[in-house]
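J.: Pasting a structure here, questions to come.
The values are calculated or read from the model by the stated rules, or taken from the named source; none is laboratory data. The structure presented is a predicted model; accordingly, all values stated were derived computationally and were not measured. Cβ atoms come from the backbone with ideal geometry, glycine included; neighbour counts cover every protein chain shown. These accessible areas exclude ligands, DNA and RNA; they are computed on the full protein's heavy atoms, side chains included. Shrake-Rupley method; radii C 1.70, N 1.55, O 1.52, S 1.80 Å.
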Amino acid sequence: METPLTMAKGLADGNRMRIVAALMERDELCVCQLIEMLGIAGATVSRHMSILQAARLVQNRKQGRWVYYRLADQFPDLLRKWLQDSLAASATIQADRNSLEAILACEPDEVCRRQRENAECSA
């Protein structure tokens with residue numbers, strides 16, 4: 001019973017739900033890309049990612065100074081299907097999709113620099 005409860009708690013936040021929805025559509029996203037998409041502080045995104053990892057919903061890998069997240073290999077298929085169906089018409093999720101298109105047009109280091117300088121991406 002602990003695993004389903006932990007997963008439910010992991011998804012019990014709108015921003016974490018948005019992260020999972022984005023990762024269902026993109027194989028992998030860098031933390032800086034998630035920060036940009038959500039428009040919240042990096043420390044807050046890191047906290048959300050820790051909760052999602054503890055719930056075994058996401059996993060990460062490091063590449064140099066970048067940390068990339070993807071859905072966990074054991075992400076339940078039934079949960080994925082339910083989320084896809086439930087979030088399909090969400091205006092917030094659609095806005096995130098549109099936002100990610102622009103974010104992914106930039107390299108992660110440029111997104112990170114832009115966050116530090118509050119600048120625009122040159123792409």
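J.: Residue by residue through region 26-51, note down the ones that are touching a residue at least 60 places away in the same chain (Cβ under 8 Å) and of a type in the set (Gly, Ala, Ser).
T.: Hit for region 26-51 is Gly42, nothing else.
J.: Quick check on Ala91: is it surrounded by fewer than 14 Cβ atoms within 10 Å (Cβ to Cβ) and touching a Cys at 6+ places or on another chain (Cβ under 9 Å)?
T.: Values: surrounded by fewer than 14 Cβ atoms within 10 Å (Cβ to Cβ): yes; touching a Cys at 6+ places or on another chain (Cβ under 9 Å): no.
Here the answer is no, as Ala91 does not meet what is asked.
J.: Of Asn60, Asn98, which residue is without any contact (Cβ under 8 Å) to a residue 24 or more places away in the chain, farther than 26 Å from Met7 by Cβ and either open to solvent by less than 60 Å² (accessible area, probe 1.4 Å) or not acidic (Asp, Glu) (or both)? Write out each step before concluding.
T.: Values: Asn60 fails: farther than 26 Å from Met7 by Cβ.
Being without any contact (Cβ under 8 Å) to a residue 24 or more places away in the chain, farther than 26 Å from Met7 by Cβ and either open to solvent by less than 60 Å² (accessible area, probe 1.4 Å) or not acidic (Asp, Glu) (or both) holds for just one of Asn60, Asn98, which is Asn98.
J.: Assuming Trp82 fulfils every condition listed in (1) in contact with a Lys or Arg (Cβ under 6 Å, 6 or more places away or on another chain); (2) closer than 17 Å to Met17 by Cα apart from one, which condition is it?
T.: Failed condition: (1).
J.: If you don't mind, another one. Taking region 41-56, which residues are of a type in the set (Gly, Ala, Ser) and in a helix (DSSP H, G or I)?
T.: Gly42, Ala43, Ser46, Ser50, Ala54 - these are the residues of region 41-56 that are of a type in the set (Gly, Ala, Ser) and in a helix (DSSP H, G or I).
J.: For residues in region 63-95 being small (Gly, Ala, Ser) and not in a helix (DSSP H, G or I), which is farthest from Met7 (Cα to Cα)? Walk me through it before giving the result.
T.: First pass over region 63-95, keeping only residues small (Gly, Ala, Ser): 64, 72, 86, 88-91, 95.
Subset that is not in a helix (DSSP H, G or I): 64, 72, 88-90.
Numbers: Gly64: 29, Ala72: 12, Ala88: 20, Ala89: 23, Ser90: 21 Å.
For region 63-95, the residue satisfying everything is Gly64.
J.: What tally of residues in region 30-56 results from selecting those that are under 22 Å from Ala88 (Cα atoms) and in contact with a strand residue (DSSP E or B) (Cβ under 6 Å, 6 or more places away or on another chain)?
T.: 1
J.: Then there's this: Answer with yes or no whether Leu34 is closer than 23 Å to Ala102 by Cβ, in contact with a helix residue (DSSP H, G or I) (Cβ under 9 Å, 6 or more places away or on another chain) and open to solvent by less than 70 Å² (accessible area, probe 1.4 Å). Let's see the steps before the verdict.
T.: Numbers: closer than 23 Å to Ala102 by Cβ: yes; in contact with a helix residue (DSSP H, G or I) (Cβ under 9 Å, 6 or more places away or on another chain): yes; open to solvent by less than 70 Å² (accessible area, probe 1.4 Å): yes.
Yes, satisfied.
J.: In region 15-24, how many residues are touching a residue at least 40 places away in the same chain (Cβ under 8 Å) and open to solvent by 20 Å² or more (accessible area, probe 1.4 Å)?
T.: Of the residues in that region, 3 qualify.
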